[in-house]
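Here the structure comes first, spelled out in structure tokens, and everything after it is commentary.
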Protein chains: 4
Amino acid sequence: MATRIFITGGTFDKEYNEITGKLFFKGTHMREILELGRARIDINIRTLMMIDSLDMTNDDRQLILDNCKQAEEDLLASGNLEKTIVLTGAMIPFKFGSSDGLFNLGAALGFVQSLPQGVYIAMHGRCFDHDKVQKNKKTGVFEEI
Amino acid sequence: MATRIFITGGTFDKEYNEITGKLFFKGTHMREILELGRARIDINIRTLMMIDSLDMTNDDRQLILDNCKQAEEDLLASGNLEKTIVLTGAMIPFKFGSSDGLFNLGAALGFVQSLPQGVYIAMHGRCFDHDKVQKNKKTGVFEEI
Amino acid sequence: MATRIFITGGTFDKEYNEITGKLFFKGTHMREILELGRARIDINIRTLMMIDSLDMTNDDRQLILDNCKQAEEDLLASGNLEKTIVLTGAMIPFKFGSSDGLFNLGAALGFVQSLPQGVYIAMHGRCFDHDKVQKNKKTGVFEEI
Amino acid sequence: MATRIFITGGTFDKEYNEITGKLFFKGTHMREILELGRARIDINIRTLMMIDSLDMTNDDRQLILDNCKQAEEDLLASGNLEKTIVLTGAMIPFKFGSSDGLFNLGAALGFVQSLPQGVYIAMHGRCFDHDKVQKNKKTGVFEEI
């Protein structure tokens with residue numbers, strides 16, 4: 001069972017620009033993260049965009065959806081989206097050393113290989129149905145609704 | 001669904017003794033790891049032993065089995081072991097900063113919440129049936145058999 | 001010989017705000033850095049401001065100068081500024097794990113305890129006279145002039 | 001003024017062997033440490049040995065002394081050892097992420113460029129005369145005698 005990872009940037013991939021003193025995106029750290037985790041699964045990585053998730057538009061979301069649809073992995077039958085899709089993220093950029101991203105990616109890979117078809121959000125070591133979760137914007141915590 | 005984590009020490013919890021220059025065990029870093037991962041699941045942690053897995057005896061293994069049996073979590077019916085049990089470990093101690101342990105724990109928590117009852121080994125982002133895997137002692141890689 | 005450390009924030013102390021996704025200042029990490037370095041010297045820490053050095057005004061600089069003048073440490077005689085003052089900074093925030101700040105602070109403490117009175121800049125393992133150095137704003141490197 | 005760094009291994013360069021679960025030496029991390037510190041000084045690195053300092057013999061010490069004598073850097077005149085020599089070390093291996101080694105190396109470079117000729121020990125942000133310091137083997141702290 002192959003797993004495809006779509007990269008959108010986000011907190012995961014933010015880096016510190018030494019010249020401007022601001023955060024910016026250069027490229028994804030996904031290979032580095034997978035190597036740190038000694039991952040040995042059949043993974044295809046594709047970068048769709050490198051943006052802060054706060055800046056994500058509906059066009060961006062449509063692009064992600066289109067790519068999920070076109071992915072060959074686990075495309076079983078009809079025109080429906082018969083795949084297991086797990087979205088995850090990070091509260092702290094990977095490059096900051098003490099990031100939760102490594103843990104979240106591990107959990108997302110565990111869930112995506114085990115759960116029935118559907119769209120899920122993996123955060124805090126838990127897995128939420130995509131339509132039963134919201135991010136508490138004051139605390140940053142993902143909560144069931 | 002509560003999850004119980006049994007601690008046995010292992011590579012995960014090794015620390016560097018500044019006086020002797022050797023590795024040793026002081027206590028588990030599991031709380032610290034879960035906090036780093038922002039875990040918000042119902043977890044009970046119990047330390048069974050603090051030893052190098054290379055020093056693990058059959059008595060130690062029996063102790064782990066007994067504790068798995070007695071755990072209230074997911075004990076469904078008969079006298080059989082009707083639980084989902086996922087064993088994991090680390091190639092590099094957590095305190096070394098660049099440990100795969102954070103990734104492995106994330107994956108193990110993903111698998112343990114999703115898979116049917118059974119005993120599994122989670123390493124390299126994959127999940128193996130407990131009786132279909134062996135550790136290649138030359139490369140340190142877990143391989144399907 | 002006591003050493004006083006004045007904190008102004010800067011790259012050293014920037015942190016990642018998990019809610020807004022921006023960098024911000026909360027407090028100084030100087031104690032943590034000194035403990036990591038196992039420093040055992042007589043040090044007084046005083047926080048003067050917590051700002052990005054790019055935002056530093058002449059009023060801020062005057063405040064730093066006033067504090068240098070008033071510090072009891074190494075105030076030898078007349079009204080002149082008879083002290084050894086070493087300014088340092090970081091290219092990467094300490095909280096990012098792979099910061100040069102730990103190295104720079106070590107070097108600054110080495111220079112400040114050894115050099116004759118004067119005002120210096122310690123970066124890149126080197127020490128520059130304060131009036132013979134400039135920061136190359138394209139490369140971020142401090143260069144002799 | 002060029003600086004020569006002699007590598008002897010020590011706590012600085014210990015690594016974790018994933019197969020045996022023991023600490024071992026593979027090579028020096030000095031270039032990596034200097035790059036992390038953004039060092040831009042004229043440095044020559046030479047590896048003399050890769051051993052635990054607890055295993056150091058008088059022959060090893062003689063080898064270090066011979067190399068100090070032969071180094072061209074700062075060899076001013078007669079047959080005497082007219083150089084500034086600063087010894088340093090680490091309480092925690094660099095590869096463990098939270099090492100004091102980065103701080104100690106910074107301090108050692110600060111001292112070696114500023115102090116008059118002599119042999120010194122840099123630890124804890126301080127510099128000791130080589131014949132006025134001992135390591136407290138219970139606490140691991142270097143103390144003046």
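The numbers here are math on the coordinates, done by the rules we state, and not lab data. Because the structure is a prediction, the values reported are computed rather than measured. Cβ: placed from backbone, ideal geometry, glycine included. Neighbour counts: every protein chain shown.
Structure summary
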read-out: Built amide H within the under 5 Å cut-off of A:T47, gap 5+; value: A:I7
read-out: Under 5 Å, built H, 5+ apart or other chain: amide partners of D:R4; value: D:N44
read-out: For the range D:59-65, Karplus couplings with θ = phi - 60° (6.51, -1.76, 1.60), whole Hz, Gly/Pro x; value: 4, 4, 5, 5, 4, 4, 4
read-out: Label point distance in nm, A:R40-C:S53, each placed 7 Å from Cα along Cα→Cβ; value: 4.6
read-out: Contact order normalised by residue count of the range A:1-63, Cα under 8 Å, 6+ apart, percent; value: 48
read-out: Exam field: D:R61 pseudo-label spacings to other copies (7 Å along Cα-Cβ), nanometres; value: 4.9, 5.2, 7.1
read-out: Cα-based Rg / Dmax (Å) for the protein assembly as shown; value: 27.0, 88
read-out: Chain B, rotation onto C, residue closest to that axis via Cβ, with its distance in Å; value: B:G97, 4
read-out: Most mobile listed residue (B:N44, B:N58, B:N104) in chain B, GNM with C-alpha springs under 10 Å; value: B:N58
read-out: Ranking of A:M91, D:M56 by count of other Cβ atoms within 10 Å, fewest first; value: D:M56, A:M91
read-out: Cα shape, the range C:83-145, gyration tensor, a/c 1.5 rule; value: oblate
read-out: CD proxy at 222 nm, helix term only [per DSSP H run n ≥ 4: -39500 (n - 2.57); per residue of chain D; nearest 500]; value: -7000 deg cm²/dmol
read-out: Shielding by partners - mean other protein chain Cβ count within 10 Å, residues of C:4-14; value: 1
read-out: Hz values of 3J(HN,Hα) by residue in the range D:99-105 - Karplus curve (6.51, -1.76, 1.60), Gly and Pro given as x; value: 7, 7, x, 5, 5, 5, 5
read-out: Cβ-vector label at 7 Å, B:T139, separations to other copies in nm; value: 4.3, 4.5, 5.0
read-out: Net charge of neighbours whose Cβ lies under 10 Å from the Cβ of D:G89, counting Lys and Arg as +1 and Asp and Glu as -1; value: 0
read-out: For residues of C:119-125, the mean tally of beta carbons on other chains within 10 Å; value: 4
read-out: Kirkwood hydrodynamic radius of the range D:1-70, from inverse mean 1/r over distinct Cα pairs, in Å; value: 13.5
read-out: 15 Å beta-carbon shell around C:L105, net charge (K/R +1, D/E -1); value: +3
read-out: Rounded if a/c under 1.5, otherwise prolate or oblate - the range D:18-145, Cα gyration tensor axes; value: rounded
read-out: Gaussian network model of chain B, springs between alpha carbon atoms under 10 Å - residue of B:G89, B:G97, B:G110 with greatest fluctuation; value: B:G97
read-out: Net charge contributed by nearby residues that have their C-beta within less than 13 Å of D:D60 (K/R +1, D/E -1); value: -3
read-out: Gaussian network model of chain C, Cα within-10 Å springs - most flexible of C:T28, C:T57, C:T88; value: C:T57
read-out: Cα centroid separation - the range D:17-76 against the range C:1-49, whole Å; value: 31
read-out: Shielding of A:17-27 by partner chains, average beta-carbon count, 10 Å; value: 4
